[in-house]
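Computed from the coordinates by the stated procedures, all read-outs in this text should not be read as laboratory data. Everything numeric in this text was worked out from a predicted model, so none of it was measured. Reconstructed Cβ throughout: ideal geometry from the backbone, glycine too, with neighbour counts over all protein chains shown.
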Amino acid sequence: MKSMNLRALYMGAAAAALMATSISATAQEVGAGTKYGDMTTVSQDMLNRAEGDGNNFLHTNGNYDQTRYYPNSQINTGNVGKLRPAWMFQTEVTESLETSPIVVNGIMYVTTSFNHVYALNARTGEEIWHFKHKIGPVATYCCGPNNRGVAAYGDMVYMGTLDSKLLALDAKTGKLIWEQQIADPELGYSETMAPTAVNGKILIGTNGGEYGIRGFVKAYDAKTGQLLWTFNTTPEDSTGVWATKDATGRDMLRDIEAEKAALAAQGDPYKTLGGGVWQNPAVDLETNRIYFLAGNPSPDLDGSLRPGDNLYTNSLISVDLETGKYVCHFQYIAHDVWDLDAVSPAILTTVADKDGKMVKGVLHGGKTGHVYVHKADDCSLIRFSEAMVPQENMWVLPTKEGARMLPGANGGVEWSPMTVDESKGLVYAINLHQPMTYHVESSPYPSGKLWLGGAFKVIATEEQWGNVTAVDYNTGKVRWQVKTAQPMIGGIMATAGGLTFTGEGNGYFKAYDSGTGALLWKFQAGAGVNAPPSSYTVDGQQYVVVGAGGNAQLKFKRGNSIIAFTLAD
Amino acid sequence: MKLKFFAAAALIGLAVSPGSAQETIEDKAKPCAACHGEDGIPKMPEVPNIWGQHTGYLYIQLKDFKSKSRASEIMNPIADQLEKADMLALAQYFEEKPWPSTGYRSEAADVIKGDTIDTAGMCSSCHLGTFFGDSVIPRLAGQTQVYLERILIAFKTRERANNADKSSLMETFADEDLKTMSRYLAGL
């Protein structure tokens, strides 16, 4: 009966045409809250100062610049060998785990696949509350039922859901305060990214580039859930400049005349052109602008139905935080037919421009295997790094029988966030090497179903592996690189202790010397460590925490653990 | 095969009635048992198990049967009588039933080969590691082997035409690989 009521609620929500709804907490399964810790507020000032906050981990990617650099050095190159598990918490969901733990005054918030949220005592791992979202009858998502975490703001935590909702929960109790239907899941919209909280707004993008959605970033009022603005990642004129070369100057073998004829016959494809946004925007508080990446055009492999550059797919985009108005963009691959898109989140830092002058810059790690370095003011490209993975046969066009090209469609750098150690001028990326063939076959828009326009196929007889790569973003040169046994997906974090932490699909969680790439510590977690690590400090003790739940996309062993590490006495 | 379906349908008088206000979901679902089984075990091996299958998947299939984007001489006229609310209610009714065991056991060679096929086709990216699926992605683990084989081949030949990308993917595999996959999945 309860379940039937929830179905009715779902139907009602769809009919209410994106109206915010105040929901009774009785409609959800919520554990009892306790009086643990200080769960009062996350102020805007705290969020602004997160970069220098050695106690909390307040943003998905550490701070608004998204450097994922943790400023505490208690755990460092000299003592990391003594790092031991402090506690392990097992969620009730054994499936792909991509959460970035958020820590506020000793309370940790983590999410799991299928939209569970847990509040934990960050010192002991004890559960404080557990919220389980009742997903509607239709949830259409790519690459696993993932969720990448919450945003904490004021006295609430926020989560996007697989059935395309934005939820606001009471941070103290986990009770649902409000929910907002973001878009129609039956048309392929879903949310897996963590929201971003800033200046009274909750920002969230959408997945669905594999389903013919029209991508967007939306801003909601943090208190009420009211929609404030929408930026569509595919403008009504998505034609662009008919670019024939990618960001690195390689010819993409486009048939421009055929595309122009198709455009005249079919019109602009913007309504079903994809351009999903998978990861948090970087926020520049000085200019009041945000920077984010838009993913592949739909259908992924079939360009015949979407003539033109397919703006702003596969692009770095900047918009005004207050209004959502376009500021600038840079497109890496116009008219992409390989799904070698832009997924990993943007990072703001200071970079050397072409004349060696230090300017505000934006970094992005592409599925192509390059780190791209941009000027923040106009999004223009300053340089791109050496390729971090093998590139072969670029840009051969997909065929019906399948064309082999490297990288495979998972990258390079997938959605995994990079990290920056500004003291070293290095950005650290994790990469995949997963050879694939690209098969194209045209089919019409399937109204919310998978719409790849063909198929990707892993070449099972070829070796797969990964690497951790440090790139000097002021020169584009690879400083060091460590090969891993399996393709890498999840995330990475650098610390003031001179360490870089990242996990692997085989269960190893490792710490490297940020300067040299020397492996200094490792721990076998028993399931794939394919989530971004965080760090925090409670009672003067620094911890590093990471999820070990494996990954659906790369078939890594599933688990359900959140593991916190600290130095042995 | 189709004749056998028709015979069963005609015998039992398959139809989901448009329904009166008093009609319960059990009443509406009753005719389905003629093929899909009263205890969740399909009456004919070519028929899929729908007990415990996901609401989203069953709903989308009913919708496609109604629009005839998924062609079936049996299911098209049945779905034609259903409105969205009926489809969702029926789909949820069957999801809440327990998934029945067919007792099928895979040969060791099929398990090894099936796992390789999964890697190549990235099947478990969507159907998940257990092949239990979720929402609009069907559970394949423990589905009837004959149905699985029939439907994988039907995607390849495009006899089943309501998911073009599945057809593109199946086309990259030899028939024998698809048969192996059906034997692997049926035993999970």
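Using label points projected 7 Å from each Cα along Cα→Cβ, tell me how many nm separate A:T399 and A:Q90, to one decimal.
Calculated label separation equals 5.1 nm.
How long are the three semi-axes of the equivalent ellipsoid of the stretch A:306-392, in whole Å, if each is the root of 5 times an eigenvalue of the C-alpha gyration tensor, listed from largest down?
So the three semi-axes of the stretch A:306-392 are 21, 19, 10 Å.
Would you kindly give the portion of the calculated P(r) for the stretch A:116-173 that falls above 16 Å, as a percent of all Cα pairs?
The proportion of pairs with Cα distances above 16 Å equals 48 percent.
How much of the DSSP bridge set in the protein assembly as shown is antiparallel, in percent, rounded to the nearest 5?
Working: 137 of 141 bridges.
Around 95 percent antiparallel, to the nearest 5.
What whole-number value in cubic angstrom gives the convex hull volume per residue for the C-alpha atoms of the stretch B:15-96?
84
Between beta-carbons, use under 10 Å as the cut-off and find the net charge around A:W129, counting Lys and Arg +1, Asp and Glu -1.
Within the 10 Å Cβ shell, the charges total 0.
How many angstrom lie between the C-alpha centres of the stretch A:481-499 and the stretch B:21-38?
55
Any idea how far the Cα center of the stretch B:53-111 sits from the one of the stretch A:442-466, in Å?
24
Can you report the principal axis dimensions of the stretch A:192-343 using only the alpha carbons, biggest first, rounded to whole angstrom?
The Cα atoms of the stretch A:192-343 stretch 50, 28, 23 Å along their principal axes.
If you take every DSSP beta bridge fully contained in the stretch A:347-462, what fraction is antiparallel? Give it as a percent rounded to 5.
Numbers: 27 of 28 bridges.
Counting DSSP beta bridges with both partners in the stretch A:347-462, the antiparallel share is about 95 percent.
If you build the convex hull over the alpha carbons only and average its shadow over all orientations, what do you get for the stretch A:229-274? Give it in nm² to one decimal.
Result: 4.3 nm².
Strictly greater than 40 Å: what percent of every Cα pair in the protein assembly as shown meets that?
Percent of Cα pairs beyond 40 Å in the protein assembly as shown: 31.
Throw me the Rg/Rh for the stretch A:373-505, computed over C-alpha atoms with Kirkwood Rh, two decimals.
1.04
Rounded to the nearest 20 debye, what is the charge dipole size of chain A about its Cα centre when +1 sits on each Lys and Arg Cβ and -1 on each Asp and Glu Cβ?
For this selection, approximately 880 debye.
Please compute, over every Cα-Cα pair in chain B, the percentage with a separation greater than 26 angstrom.
29
Tell me the net charge near A:D65. Cut-off is 15 Å between Cβ atoms, A:D65 excluded, with +1 for each Lys or Arg and -1 for each Asp or Glu.
For residues surrounding A:D65, the net value is -2.
Could you give log10 I(q)/I(0) at q = 0.33 Å⁻¹ for the stretch B:97-143, computed by the Debye formula over C-alpha point scatterers of equal weight, without solvent?
The calculated log intensity ratios at q = 0.33 Å⁻¹ are -1.19.
Most exposed first by the Cβ proxy, i.e. fewest other Cβ within 10 Å, how do A:S304, A:S100 rank?
The most exposed by this proxy come first: A:S304, A:S100.
log10 I(q)/I(0), Debye, Cα-only the stretch A:436-569, no solvent, q = 0.16, 0.21, 0.22 Å⁻¹?
Here the Debye-derived log intensity ratios amount to -0.90, -1.21, -1.27.
Identify all lysines with a Cα-Cα distance to B:K43 below 18 Å; exclude those on the same chain that are fewer than 8 residues away in sequence.
The qualifying lysines are B:K2, B:K4, B:K30, B:K97.
Around A:L567, under 10 Å between beta carbons, what's the net of Lys plus Arg minus Asp minus Glu among the other residues?
+1
If you take each beta carbon of peptide B:121-133 and count the beta carbons of other chains within 10 angstrom, what is the mean?
Values: counts 5, 13, 1, 5, 11, 9, 1, 7, 11, 3, 0, 1, 0.
Mean shielding count: 5.
Sticking to Cα atoms, compute the Rg of the stretch A:203-292 to one decimal and its Dmax as the biggest Cα-Cα distance, whole number, in Å.
16.5, 51
In debye, nearest 20, what is the charge dipole magnitude of chain B about its Cα centre with +1 on Lys and Arg Cβ and -1 on Asp and Glu Cβ, if you could check?
On the way: 21 positive and 25 negative charges, 67 e Å.
Rounded to the nearest 20 debye, it is 320 debye.
Going through the stretch B:83-181, which GluC sites (Glu not before Pro) have at most 14 other Cβ atoms within 10 Å and a DSSP loop state?
Passing both the DSSP loop test and the Cβ count: B:E83, B:E96, B:E107, B:E159.
Could I get the Rg over Rh figure for the stretch A:111-227? Both from C-alpha atoms, Rh via Kirkwood, rounded to two places.
0.96
By count of other Cβ within 10 Å, fewest leading, how are A:R383, B:R158 ordered?
Values: A:R383 18, B:R158 13.
Ordered by Cβ neighbours within 10 Å, fewest first: B:R158, A:R383.
How big is the gap, in Å, between the Cα center of the stretch A:505-569 and the Cα center of the stretch A:263-282?
One Cα centre to the other: 36 Å.
Quick check for me: using +1 on Lys/Arg Cβ and -1 on Asp/Glu Cβ, what's the dipole size of the stretch A:488-569 about its Cα centre, in debye to the nearest 20?
400
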